1. Would you confirm whether or not the stretch 32-42 contains a residue that is at pLDDT below 85, open to solvent by 30 Å² or more (accessible area, probe 1.4 Å), among the β-branched types (Val, Ile, Thr) and in a helix (DSSP H, G or I)?
2. Quickly run through the stretch 155-206 and pick out the residues that are in a helix (DSSP H, G or I), among the charged types (D, E, K, R) and under 16 Å from the mean Cα position of the chain (by Cα).
3. I'm trying to understand the selection: among the residues of the stretch 10-29, which are at pLDDT 80 or above and open to solvent by 40 Å² or more (accessible area, probe 1.4 Å)?
4. Please determine whether any residue of the stretch 271-284 is more than 30 Å from Asn192 (Cα to Cα) and assigned to a loop (DSSP other than H, G, I, E, B).
5. All but one of (1) at pLDDT 90 or above; (2) among the β-branched types (Val, Ile, Thr); (3) under 23 Å from Leu41 (Cα atoms) hold for Ile111, so report the exception by its number.
6. Does the stretch 74-88 contain any residue that is more than 24 Å from the chain's Cα centre (by Cα) and in a helix (DSSP H, G or I)?
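The values are calculated or read from the model by the stated rules, or taken from the named source; none is laboratory data. Because the structure is a prediction, the values reported are computed rather than measured. Note: accessible area is taken over every heavy atom of the protein model, side chains too, but ligands, DNA and RNA are not part of it. Shrake-Rupley method; radii C 1.70, N 1.55, O 1.52, S 1.80 Å.
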Amino acid sequence: MSDKGHIELERQIDSITVGVRHRKDPGDLNALIKSIEEVGLLQPVTITPDGVLICGWRRLEALRRLGRRTLNVWVRSGISDQLSHLLAQQDENEQRKPLSPVETARLYAEIKMLEQEDAQRRMAATQFGGAGRDGGASGSGDSPDPCGDARTRAAQRLTGRDAWQRLEQTNWIEAVSKAEALGASVREFAANMLREIDDGAPVSPAYKRVKAAVELASQPPSPSRQEQDEVARLSVEALKRVQEEENAKRLRALRSKAKRAPKHHSPRSFVLMWSELEGWTALYDVAELAAALKDDDWARFERVVAETIELRDQLREARTAAASA
């Protein structure tokens, strides 16, 4: 029987390769084992054509503990070579070259799709198998998964953390970089952000800037910007919009905090802070900083400097007024 590129077969349990990313604590399998004993395994595990486990590790472990030697499997074709290799790893050091952030996000999307297919088949199996004693799908092979939905499970498999939002944002940026309807300038801007992410830049600021650029691209440039390079225009205006939104959010947070906490720190705290900062500018190489700082880093520095200058001017005026009083 086949289903969307799947073939259902019987297979020896010991012939299935379980990669290192599956090796973790499966949790309490007692309810699952009892369900399988009562009604059987309604939902097969999923493997690659080479016999590498994709989905259903808890089901496989439950059958091992029952002493079973064979089980029914779904053989899933269409798995990328990179994902097949990743799933098959038997040693943490087997992969010599670490995945880049963009590569990780692509594999996350592939695993998420496979997890969703597996979940849909398990859901369909419960319509015939009824509810198990553990409150989950009887014989489906999994009690309710503590890792949550397919996004969470896919992210856990690849990163060991619940990092699905960052991976989703990276994939969205890549989708923008390939979306013909958005125009060459937006695609190039998104591609630039992907390169920065692969070079170590954080994903969230890049996502916000690309999102702003997509919105800005639908608006005609002002007359003063007509001659400016379109990608540069998007970069500048997207950063400005993100900064304005973040500044507004930060201001709301500060106002909210001010209602809950004492309004100001003590003068002694002020003196101690500036005593510690005295001479700090000599600690850095200007050329090195200029090359290393990202746009967001520079924007934060300028914002703090502007706030500091404003406080200095207010404080100078207050001291002058106090001296002449």
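1. Yes, the stretch 32-42 contains at least one residue that is at pLDDT below 85, open to solvent by 30 Å² or more (accessible area, probe 1.4 Å), among the β-branched types (Val, Ile, Thr) and in a helix (DSSP H, G or I).
2. Arg157, Arg166, Glu168, Glu174, Glu196, Asp198
3. Within the stretch 10-29, Glu10, Arg11, Gln12, Asp14, Ser15, Thr17, Asp28 qualify.
4. Yes, that holds for at least one residue.
5. Against the list (1) at pLDDT 90 or above; (2) among the β-branched types (Val, Ile, Thr); (3) under 23 Å from Leu41 (Cα atoms), Ile111 comes up short only on (1).
6. Looking for residues that are more than 24 Å from the chain's Cα centre (by Cα) and in a helix (DSSP H, G or I), one finds none in the stretch 74-88, hence no.
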